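One structure is given below, encoded as structure tokens.
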Amino acid sequence: MNHARVIDIVKENKDVFTLSFDFSIVAKPGQFLMVWVPGGKEIPMSLSHITSPPSITFRVFGETTKFLSGLRKGDRMYFRGPYGNSYPEPSGRIAYIAGGTGLASVYSMLSKYIGDVFVGARTKDDLFLLKKGFKIATDDGSAGFKGTVIDLFVPHVDDYDYVFVCGPEPMAKSLLDKIDRKTKTKIYFSLERLMKCGVGICDSCSVNGIRICKDGTIFSIEEVLKMNEFGVFKRSESGKIEFFAKNKR
Amino acid sequence: MASITTSVGSFSLENPVILASGILDETSGSILRSLRSGAGAVVTKSIGISERKGYSTPVISEVGTGLLNAVGLSNPGIDNFVEEYKSFPEKKKTIVSIFGGNVEEFVTLAGRIEEIGFDKVELNLSCPHVKGVGSEVGQDLDMVEEIVSEIKNRTKLQVWAKLTPNVTDLIALAKASEKADAYTLINTLRATGVEIYSRKFVLSNTIGGYSGPGIKPVALRAVYDVYKETGKSIVGVGGITTWQDAIEFFLLGARAIQIGTALLYEDYSVYSKVNQGIKKYLDDEGFSKLEDIIGAMVAR
């Protein structure tokens, strides 16, 4: 278990925070940490910056993230990792597609590889880390395109050589369903599942025998298309199969 | 090349390397991946009567000599297990691990898995960190004896009894479960771990099980003691990462071995690596088959 001092914590919007910490981390873009609250839980979190100082960007959705959002400069934070593979090195024209806090993961690529960023959120109040030129989609149309980020992006797929996608599984599934699979564009997904161990042994995050935490989290579209469980069902903490709601984006 | 086929009770295996219960064996997709990567057989994660979420994270913590875990017997419960596995294609190479709090629960679970076509169970009499089941049941000699005999009487299943090393008298435990077709030795050692800067325990449950390279000598001792005393089929497990580790277990009486924590250090290629190493050792040492070295160091 590593521990580091918090350098800064920035409130990005109503419930998203970026926490930077003092640690000389050796990480690749797209990797994640298992962040631990002593006496509480341990959860996977994408690194939003891998250069010094490293940072994580997260939405407050439970006790653990609430605790982390309350840390102050100089407090200790605890983590294992970095874990997982990384985004491949792109060339040519690049697009990033991010839904929700998926933007944290693709952010780790942005400082090195400039590209067009397509961001999806429920409303304008859910947006964060925006930069000039980002293409925005909101469910309610309160900012940018009214609809899903996938619908915003899909007509433009052939404009790009590399596309990196990070967001909720139904969003990624929607891209798979809507894209012309003959496209020459190289598409990579950072996938997210319930993770307990983060190191490839507990089987909580496996999809068709592929461990999201260790074989991924980043997979090519060809690899994702082979996972017939993907976008169809996930696993609860007990390992029980839970189907995704149909017709949900 | 030397033959590495083996048998445990009446179960014939193409090779002696089995995936241990609890590691990468919750989902049917992962079990198939292990079998396709060269495992001789796979033991499932332990299944109980009801769905259990298991403990909060952290459920694992790496230590220099292995791994601490307290996953907490998370499992979908027997109904959901049956639903997922009723048409599973590799039932004969899959041993279903079951746990319960009393004889009736074990018997019910055994019956349900036999109904859908499995023919082998491993009794988890040894999980060290969940109250009322596992090693708490597994230290009650009368209950162990009854669980094993009832399953043998009421089903045709082959029964492997996975025993806890956390007892003073392992031989008494082995004798209590002597109607089993084989013993699986050993489960994890009851253990804990500390994080010194937060001054908190590293596992949410405080107590967990210790596995990995550090427990191998304890597992070897257990295999040696029980083989010497009983001569029965033994499946050795505890800290096996390399083929050399596996050979040590065979020499002391194990007829097959299980690996688990090794998958933290190695990829799925570990099965073929261990099997290749065993073959080469047998060839180099002039043995024609694995059988020739099983128990070779134990005078009985």
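Values as computed for the structure displayed
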read-out	value
Boolean, residue B:118 is without any contact (Cβ under 8 Å) to a residue 60 or more places away in the chain, under 18 Å from the mean Cα position of the chain (by Cα) and either surrounded by fewer than 24 Cβ atoms within 10 Å (Cβ to Cβ) or farther than 16 Å from residue B:161 by Cα (or both)	yes
Close pairs (8 angstrom Cβ cut-off, 6 or more residues apart or separate chains): within 9 Å of chain A (Cβ to nearest Cβ) in the range B:191-202, aliphatic (A, V, I, L, M) and surrounded by 18 or more Cβ atoms within 10 Å (Cβ to Cβ) anywhere	B:195/A:1; B:195/B:202; B:202/A:1; B:202/B:68
Residues of the range A:234-249 classified as under 21 Å from residue A:197 (Cα atoms) and surrounded by 15 or more Cβ atoms within 10 Å (Cβ to Cβ), total	8
Subset of the range B:49-62 [of a type in the set (A, V, I, L, M) and facing chain A (nearest Cβ under 8 Å)]	B:59, B:60
Among the candidates B:178, B:248, residue that is touching a Lys or Arg at 6+ places or on another chain (Cβ under 8 Å) and over 25 Å from residue B:139 (Cα atoms)	B:248
Residue satisfying condition, being over 24 Å from residue B:39 (Cβ atoms), β-branched (Val, Ile, Thr) and touching a strand residue (DSSP E or B) at 6+ places or on another chain (Cβ under 8 Å), within set B:71, B:133	B:133
Residue within the range B:215-229 that is under 29 Å from residue B:91 (Cβ atoms) and basic (Lys, Arg) present	no
Residue ID - nearest to residue A:157 (Cα to Cα), chosen from residues in the range A:200-229 that are touching a residue at least 60 places away in the same chain (Cβ under 8 Å) and among the hydrophobic types (A, V, I, L, M, F, W, C)	A:218
Strands (runs of 3 or more DSSP E) wholly inside the range A:84-164 containing at least 2 residues that are crowded, with 21+ Cβ neighbours inside 10 Å, within 17 Å of the chain's Cα centre (by Cα) and not small (Gly, Ala, Ser)	A:94-99, A:116-121
Residues of the range A:180-191 satisfying the condition of being in contact (Cβ under 8 Å) with a residue 40 or more places away in the chain and in a loop (DSSP other than H, G, I, E, B)	A:181
Any chance residue A:19 is closer than 22 Å to residue A:62 by Cα and within 14 Å of chain B (Cβ to nearest Cβ)	no
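Matching residues to (1) over 24 Å from residue A:110 (Cα atoms); (2) touching a Cys at 6+ places or on another chain (Cβ under 9 Å); (3) outside the structural domain of residue A:153 (by TED's automatic domain parsing):
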| residue | (1), (2), (3) |
| --- | --- |
| A:171 | no, no, no |
| A:183 | no, no, no |
| A:205 | yes, yes, no |
| A:225 | yes, no, no |
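Listed here are the residues, each with its yes/no results for (1) at the interface with chain B (Cβ under 8 Å from one of its Cβ atoms); (2) among the charged types (D, E, K, R).
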| position | (1), (2) |
| --- | --- |
| A:183 | no, no |
| A:186 | no, yes |
| A:195 | no, no |
| A:199 | yes, no |
| A:212 | no, no |
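The values are calculated or read from the model by the stated rules, or taken from the named source; none is laboratory data. These numbers were taken from a predicted model, which means no experiment stands behind them. Glycine gets a Cβ as well: all are built from the backbone with ideal geometry, and neighbour counts include every protein chain shown.
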